[in-house]
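Notes for the one structure printed next.
The values are calculated or read from the model by the stated rules, or taken from the named source; none is laboratory data. Here the structure is a predicted model, which is why all the values come from computation and not from measurement. Glycine gets a Cβ as well: all are built from the backbone with ideal geometry, and neighbour counts include every protein chain shown. Note: areas computed on protein heavy atoms with side chains; ligands, DNA, RNA excluded. Shrake-Rupley method; radii C 1.70, N 1.55, O 1.52, S 1.80 Å.
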Amino acid sequence: MDLMIGGAFQGKTAYAKERYGFSDGEIFTCTAEAGADFSYPCVRRLEQYALNCLRRGIAPEQAILARREEWKQAVLICDDISCGVVPMEAETRAWREATGRMLAALSREADTVTRLFCGLPQRLK
Amino acid sequence: MKIFLSGGAKNGKSTLAQRLSKTLAGSGPLYYAATMIPHDEEDEARVARHLREREGWGFETVECPLEPHAAMEKRPRGTVLFDSVTALLANEMFSARGIDPDAPQRAKQSLLRLADWAEHIVFVSDFLYSDAGQYDEWTNAYRRGLAEIDRALCAACDTVAEVCAGAVILHKGVLPE
């Protein structure tokens, strides 16, 4: 599994398309409502999957690790939402922390970790 | 040489940018593209502080709060310190007339044209993309627009660096000696 992280609008998906040649149809975009479909070779907006898990009352870190077989060959993309002031709203606070723990776990599992900064890849692992 | 600097607030981007543009200019013209439109006493104090900090560096201040290439192209070609992309987009996008959705495209084209014109240029932007904030539609359009400009400038620049606590993380190219 290759993990791509970075701030919003930093070109993570564009870079994944360029590096792996994915078409739009090969990329699944997670939402808080629908969660994730790991049958796709590329799954993006994992932070929305984390929110989906939280709203179902389960921990995203455990939930995604339990589905390891489904994504072990995939490219996973997630927004980094870890900076900024501690959010006022309880759900946003829990979401931010849970996304951080999920990413740390995925980073340990990943073959490579790449951070995108203004469209430029930075290899972290 | 074209350089792009970004990072969090108060990490030393402007100070580094000032030093780099001075080095690049050598004995040629050195311009400071002033982007801030002061709205209150706090802004005026900030402008006065910035002016004091640049004293003795040899910068000619060029007011360019909107479409900066137009003001700059009237002058002899030289080195530009552009601080900041963030302020320019705010000026272009939000005014007393309302919100302009075409602002990011216009700002991007103007900055790319300015980069072409300049002998050397150092851009300063702000990295405001890694928080958990839930923004309203226009704030998000602003963030998306700024990121699009940043990415276009990074593609056009020789050097891209993130400034963190005064230290430099190079993402592309090298810094001048």
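Along its principal axes, the protein assembly as shown has C-alpha extents of 62, 38, 33 angstrom, given from the largest down. Across chain A, the mean sequence separation of Cα contacts (distance under 8 Å, 6 or more residues apart), normalised by length, yields a relative contact order of 37 percent. Under the combined filter of DSSP loop state and at most 16 neighbouring Cβ atoms within 10 Å, segment A:1-81 retains these trypsin sites (Lys or Arg not before Pro): A:R56, A:R67, A:K72. Legend: residues B:Y129, B:Y142, sorted from most to least accessible area (1.4 Å probe; ligands, DNA and RNA excluded), read B:Y142, B:Y129. A run of chain A free of exposed loop cleavage sites, with GluC sites (Glu not before Pro) counted only in DSSP states other than H, G, I, E and B and at most 12 other beta carbons within 10 Å, reaches its longest extent at A:34-88.
Summarising the amide proton neighbourhood of B:T61: residues at separation of 5 or more, or on other chains, whose placed amide H is nearer than 5 Å comprise B:Y32. The modelled label-to-label distance for the pair A:R108/B:Q105, using points 7 Å beyond Cα in the direction of Cβ, is 4.8 nm.
Taking the 1.4 Å solvent-accessible surface of segment A:9-50 as the whole, the part contributed by carbon and sulfur is 46%. Calculated from the alpha-carbon coordinates, chain B shows an Rg and a Dmax of 15.5, 48 Å respectively. Cysteine residues of chain B whose C-beta has no other cysteine C-beta under 4.7 angstrom: B:C64, B:C157, B:C164.
Burial here means at least 20 square angstrom less accessible surface with every protein chain in place than with the chain by itself, probed at 1.4 Å; in segment A:105-125 the buried residues are A:R115, A:F117, A:C118, A:L120, A:Q122. Net charge in the neighbourhood of B:E92 (other residues with Cβ under 11 Å of its Cβ; Lys, Arg +1, Asp, Glu -1) is -1. Each Lys and Arg contributes +1 and each Asp and Glu -1, all at the Cβ; summed about the Cα centre of segment A:25-95, the dipole is approximately 140 debye.
Looking at A:A63, B:C157, A:L124, which one has the Cα that reaches farthest to the positive end of the dipole of the protein assembly as shown (charges on Cβ: Lys, Arg +1; Asp, Glu -1)? Selected residue: A:L124. Cysteines of chain A lacking any other cysteine Cβ under 4.7 Å from their own Cβ: A:C30, A:C42, A:C53, A:C78, A:C83.
Our summary gives chain B a relative contact order of 36 percent, counting only alpha carbon pairs under 8 angstrom and 6 or more residues apart. Here the sum of -39500 (n - 2.57) over DSSP H runs of 4 or more residues, divided by the residues of chain A, equals -11500 deg cm²/dmol at 222 nm, to the nearest 500. Computed from the C-beta positions of A:A59 and A:Y20 and an R0 of 51 Å, the FRET efficiency is 0.95 to the nearest 0.05.
The helix-only estimate of mean residue ellipticity at 222 nm for chain B, built from DSSP H runs of length n ≥ 4 each weighted as -39500 (n - 2.57), is -13500 deg cm²/dmol after division by the residue total. Over all directions, the projected convex hull of the C-alpha atoms in chain A averages 7.3 nm² in area.
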